[in-house]
Amino acid sequence: MERVDVAIVGGGPAGSSAAHAAATGGADALVLEKGVPRADRDRLGPDSTDAAGILDYWVDIMGIHPDEFDDGVVQRELNRAEFRGPDESATLTSTGIDSSYDEFGYTFHRARFDDWLRDRAEDAGAEYRAGVSVRGVDTDPDVSPGSDDPRHRVELASGETVGAEFVVLADGPQRTVTNKVLDEYLPADAAASDRLASRTANHIAYQEYRRVPEEVYEEVNDAIVFWWGVMPGETAYPWIFPNADRVCRIGLTMPIGLDIDEFDRDAYALLDADDESIPQGGEYVRRLLEWQYGDEYDVEDDFPLVEDAGKRNGTETYPISSTRPIDSPTEAGIAVAGGAMGTTSAFHEGGDHVAVRTGAIAGELAAAGDMAPYNRRWKEAIGDEIVRNVTMADMVADYDPDDWNRIIGAADAMLAADASGGLLSQPYRSGWESVKLLLGYKWNKRRVKKDYVGIDESEYVY
């Protein structure tokens, strides 16, 4: 049987970062990635998507400056984020959080980013195997690190077995392997496979790559744009993110399995009165473009799909983990990182920065031979970021379009009162709604900070 120090399930940002950190620390690290083909990637790699960007302070959380990337990873530098409601809008030009990165943020090509992370891990000495599926992990709790027998036996679909002292689970929001492993350490009535089931624990996202008219591109080529309160569902929203060469990623995220009869069709800009079910992603995108640009352009002719981009014919559909993050069963020598641990924010969909950071922590500890500090370390590194996002998601969970107009209007008033372009710094100059927004955020943040972990380490039984 093959033996390694640390076996890593999944080769995305979390997995490759774990491999890089482990190999840098002198460990024998092996990444097992089932791999998918992609039209705009030269080689097999993880199920990458290109929906998100990176904000300024996320650069410091991630610990990688964009100057380090290969050409083609960064698509556009950003100077603002635009938040648009049904009738109100607000533009954010500063996150208000200290950062070593001078710009507001950037958008990037996720597949190229993943491949760059893989190259970095391999350069550090890690081994990366694409086209390899993991069926499960068998752990012997009586085996301690350094024994002749491995503590973990990673079972591959090929029938082969890899022995490892430590395992990092980084298989993304689908948690195909993670849920099976965690079920071994949780009571049957609190199984991870139930609590983290994809249809209930995840959102679904869809996006299209479209080449937009020059005038439209000039409006958004240095911004990320979100619409809130225009489609039903908790933290459901469409977006436009700019790529290079007049290409934009236009998409949306929403909960899975929504019942349209629970919503007022007339209240939402992207619903029609005769809709019998929630629209599919492609229909939502078409309606968004018609709503925003249909008076000036023929959307199908002037916003063509870029069919050689993305995962499939210029489109991508993928899950996003929308659960609160979970602790890991570290006493068993196992760490869960990135999307598999639920760090991707359902509020704004960002997750690559925290995936890289949690993976790096897991890999560092595996190389040091002690996974015990992992749950404490990831909270120290990204806890404030997670609390902010959970707080905001909880606050807007039941918002309807009128609420979004009210809250975006309040945010716009605060931004107008603060010449620096930040948020929540000058609420008392900008009206009662702004004061209520700030006080509500602070109150909810104190509450969330006490309980923001979905599965606590105390729940695991060894």
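At-a-glance table
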item: Some residue of segment 116-128 being open to solvent by 50 Å² or more (accessible area, probe 1.4 Å), touching a residue at least 24 places away in the same chain (Cβ under 8 Å) and at positive phi; result: yes
item: Ala124 of a type in the set (A, V, I, L, M) and either over 21 Å from Val6 (Cβ atoms) or touching a Leu at 6+ places or on another chain (Cβ under 9 Å) (or both); result: no
item: Residues satisfying the stated conditions in segment 339-368, i.e. farther than 13 Å from Ile61 by Cβ and assigned to a helix (DSSP H, G or I); result: Gly339, Ala340, Met341, Ala362, Gly363, Glu364, Leu365, Ala366, Ala367, Ala368
item: Subset of segment 443-462 that is closer than 21 Å to Ala191 by Cβ, aliphatic (A, V, I, L, M) and under 21 Å from the mean Cα position of the chain (by Cα) - its residue that is least open to solvent (accessible area, probe 1.4 Å); result: Ile455
item: Which numbered condition Tyr318 fails, given (1) open to solvent by 10 Å² or more (accessible area, probe 1.4 Å); (2) modelled with pLDDT of 95 or more; result: (2)
item: Count of segment 243-285 residues which are surrounded by 14 or more Cβ atoms within 10 Å (Cβ to Cβ) and part of a loop (DSSP other than H, G, I, E, B); result: 12
item: Test set (1) more than 28 Å from Asp272 (Cα to Cα); (2) out of contact with any Ser or Thr (no Cβ under 7 Å at 6 or more places or on another chain) - Trp227 fails condition number; result: (1)
item: From Ile61, Ile97, residue being surrounded by fewer than 17 Cβ atoms within 10 Å (Cβ to Cβ), at negative phi and of a type in the set (A, V, I, L, M); result: Ile97
item: Residue within segment 354-361 that is open to solvent by 30 Å² or more (accessible area, probe 1.4 Å) and in contact (Cβ under 8 Å) with a residue 12 or more places away in the chain present; result: yes
item: Candidate set from segment 197-208 (those that are among the aliphatic types (A, V, I, L, M) and open to solvent by less than 10 Å² (accessible area, probe 1.4 Å)); member that is nearest to the chain's Cα centre (by Cα); result: Ala205
item: Residue match in segment 394-409 (condition: in contact with a strand residue (DSSP E or B) (Cβ under 8 Å, 6 or more places away or on another chain), open to solvent by less than 20 Å² (accessible area, probe 1.4 Å) and modelled with pLDDT under 95); result: yes
item: Yes/no for Gly131 being open to solvent by less than 60 Å² (accessible area, probe 1.4 Å) and more than 21 Å from the chain's Cα centre (by Cα); result: yes
item: Subset of segment 265-324 (residues that are under 20 Å from Glu208 (Cα atoms) and in contact with a His (Cβ under 6 Å, 6 or more places away or on another chain)); result: Ile320
item: Near pairs, Cβ below 7 angstrom, 6+ apart or cross-chain, from segment 423-448 (at pLDDT 65 or above) to any residue that is aromatic (Phe, Trp, Tyr); result: Val435/Tyr428
item: Residue check, Glu290 assigned to a helix (DSSP H, G or I), open to solvent by 30 Å² or more (accessible area, probe 1.4 Å) and within 25 Å of Arg175 (Cβ to Cβ); result: no
item: Strands (runs of 3 or more DSSP E) contained in segment 75-133 and holding at least 3 residues among the β-branched types (Val, Ile, Thr) and touching a helix residue (DSSP H, G or I) at 6+ places or on another chain (Cβ under 8 Å); result: none
item: Residue that is nearest to Val390 (Cα to Cα) [pool: residues in segment 222-242 that are outside any strand (DSSP E or B) and open to solvent by less than 20 Å² (accessible area, probe 1.4 Å)]; result: Thr235
item: Residue list for segment 209-220, filter: more than 20 Å from Gly350 (Cβ to Cβ), open to solvent by less than 50 Å² (accessible area, probe 1.4 Å) and not aliphatic (A, V, I, L, M); result: Arg210, Pro213, Tyr217
item: Residue match in segment 372-379 (condition: more than 18 Å from the chain's Cα centre (by Cα), over 30 Å from Arg84 (Cβ atoms) and buried (at least 24 other Cβ atoms within 10 Å of the Cβ)); result: yes
item: Tally, over segment 290-316, of residues that are touching a Phe, Trp or Tyr at 6+ places or on another chain (Cβ under 6 Å) and not β-branched (Val, Ile, Thr); result: 3
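Table: residues versus (1) among the hydrophobic types (A, V, I, L, M, F, W, C); (2) at pLDDT 95 or above; (3) open to solvent by less than 30 Å² (accessible area, probe 1.4 Å); (4) at positive phi.
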residue	(1), (2), (3), (4)
Ile8	yes, yes, yes, no
Pro13	no, yes, yes, no
Ser48	no, no, yes, no
Phe69	yes, yes, yes, no
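The values are calculated or read from the model by the stated rules, or taken from the named source; none is laboratory data. If you're wondering where the values come from, they're calculated on a predicted model, not measured in any experiment. Every residue, glycine among them, receives a Cβ derived from its backbone with ideal geometry; neighbour counts consider all protein chains shown. For accessibility, only protein heavy atoms count, side chains too; no ligands or nucleic acids. Shrake-Rupley method; radii C 1.70, N 1.55, O 1.52, S 1.80 Å.
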